[in-house]
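Everything below concerns the one structure shown next.
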Amino acid sequence: MQDGDLTLFDLERYMFDIELKGRAMERRHFIAVLGGGAILAAGTAAGLIAGRRPRTALMPWQVAGAGHADPRVRALSWAILAPNPHNRQPWQVDLSVPDQAVLHVDTERLLPQTDPFSRQITIGLGCFIELAVMAAAQDGIAVAAEVFPEGSDAAALDRRPVAILRFGGPTQADPLFAHCLERRSNKEPYDTAMPVAQDALDAILAAARHGRATGSVAAQDIAEMRALTHEALAIEIDTPRTYLESVDLFRIGARAVDANPDGIDFTGPMFELLGATGMMGRAALLDPSSVAYRAGRAAVFENTDTAMGHLWLVTEGNARVDQIAAGRDWLRLNLAATRAGVAMQPLSQALQEYPEMEALHGQVHARLAPGGGTVQMLARIGYGSSVSPSPRWPLETKLI
């Protein structure tokens, strides 16, 4: 890095200074010269930019379950908080038939480069179904899910129903539901001084109901899986079209997140300044020589390389119904990890089905499913700092 380049450390140090001094800080200038001499920000203006926070994007987390007389709507207000790939939130729901909710996929919200057969999108829809079922059960209402009632295409999702959810009859609440507001996909580095105990992993894996959940916290397995997931992530970044698919979904700064509360969000003081100054703009993120590109690459590898264990889901087949089942289990594992105080992040790059990943895809299946089947999900686990929830579109935008 050339002298005078602004580093992420510089910005973090300045943000810490702002947090310490707050409004009482003396008026002084923060000037950073980037290569050719552009001024980054100055004094009070930098503080105002850095202090921005999303205003509406997190509202669905605050109002879930509130103010809805219709039990279907109450359940769906929770279901939209489900994890899903790249936070695309690809669900649309038709409530025109009493006591039913018909789930469709929004075909404008797919990931054709990294998820060419929409396997991962289907898993996300399974997460949605499971959380809807759990939320209705909290009201004592059973929900029966008929999956792909009009059939499906293994190569692509279409506008046929993904599931018909039928509400009716009594049932018992699921204790995992109590943790849905605290559930996160924690994308921060994990504490390598804090191992995950085998009994904690076992308790998480026991939450699966629909497929085979396995994992390991053995030192040798951790080392090998760190290397494998690092390599898979490098392939995704180094393949221009798959990396571009992610960059096009970056929402940098509170204003961008409020305007489009989906995709991959970056908020907080450092990202507010980086976005406002263009240092983390699309051109910089796509330029391998830029500070933003190099720092971002290092950051995501710090995640793979601080895993303190891994878990994965395997289904016997790979039909759409298997993918939905995997999603339902994924939601359950995520909630069980939350209950155990264990952080969890999907690292499913090696499971993606595009040509550049083919060799690693075979390798990970040979390792994690030696008896056959499809590895549907793979995650790292550990202990990390607390993180904010991901933004969501309001429920009304998802109702047909």
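Just so you know, all these numbers are worked out from the coordinates, no wet-lab data involved. Nothing here was measured: the structure is a model prediction, and the numbers come from that model. Here Cβ is always computed from backbone atoms with ideal geometry, including for glycine, and neighbour counts include all displayed protein chains.
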(request) Output ³J(HN,Hα) for the stretch 262-277: one whole-Hz value per residue in order, computed from phi by the Karplus curve 6.51 cos²θ - 1.76 cosθ + 1.60 with θ = phi - 60°, and x for Gly and Pro. (result) 9, x, 9, 8, 10, 10, x, x, 5, 6, 4, 5, 4, x, 5, 8
(message) Ranking request for peptides 266-274, 141-149: highest mean number of other beta-carbon atoms within 10 Å first, then the rest in descending order.
(response) 266-274, 141-149
(request) Report ³J(HN,Hα) in whole Hz for each residue of the stretch 359-366, in order, from the Karplus equation J = 6.51 cos²θ - 1.76 cosθ + 1.60 where θ = phi - 60°; Gly and Pro get x. (result) 5, 5, 4, x, 5, 5, 5, 4
(request) Compute the long axis of helix 219-238 from its Cα atoms, compare it with the longest principal axis of the Cα atoms of the chain, and write down the angle in degrees, 0 to 90, nearest 10. (result) 70
(request) Please give the helix 320-340 orientation as an angle from the longest Cα principal axis of the chain, in degrees from 0 to 90, rounded to the nearest 10. (result) 60
(request) Sort out for me the Cα centre separation of the stretch 82-137 from the stretch 153-225, rounded to whole Å. (result) 16
(message) Along the charge dipole of the chain, pointing to its positive end and built from +1/-1 on Cβ of Lys, Arg, Asp and Glu, which listed residue (V147, P288, S388) has its Cα farthest out?
(response) S388
(request) Can you bin the stretch 103-182 into rounded, prolate or oblate? Criterion: square roots of the alpha carbon gyration tensor eigenvalues sorted a ≥ b ≥ c, rounded for a/c under 1.5, prolate for a/b above b/c, oblate for the rest. (result) oblate
(message) Using only DSSP helix segments of four residues or longer, with each worth -39500 (n - 2.57), what per-residue ellipticity at 222 nm results for the chain after dividing by its residue count and rounding to 500?
(response) -12000 deg cm²/dmol
(message) Once you order the gyration tensor axes a ≥ b ≥ c over the Cα atoms, which shape class does the stretch 168-288 get: rounded for a/c under 1.5, otherwise prolate or oblate by comparing a/b with b/c?
(response) oblate
(request) Report the one residue of P355, T315, N303 whose Cα lies farthest in the direction of the positive end of the charge dipole of the chain (charges on C-beta: Lys and Arg +1, Asp and Glu -1; origin at the Cα centre). (result) N303
(request) Please report, in debye to the nearest 20, how large the charge dipole of the chain is about its Cα centre when each Lys and Arg carries +1 at its beta carbon and each Asp and Glu carries -1 there. (result) 920
(request) Note down the magnitude of the dipole of the stretch 298-356 about its Cα centre, charges +1 on Lys and Arg C-beta and -1 on Asp and Glu C-beta and zero elsewhere, to the nearest 20 debye. (result) 360
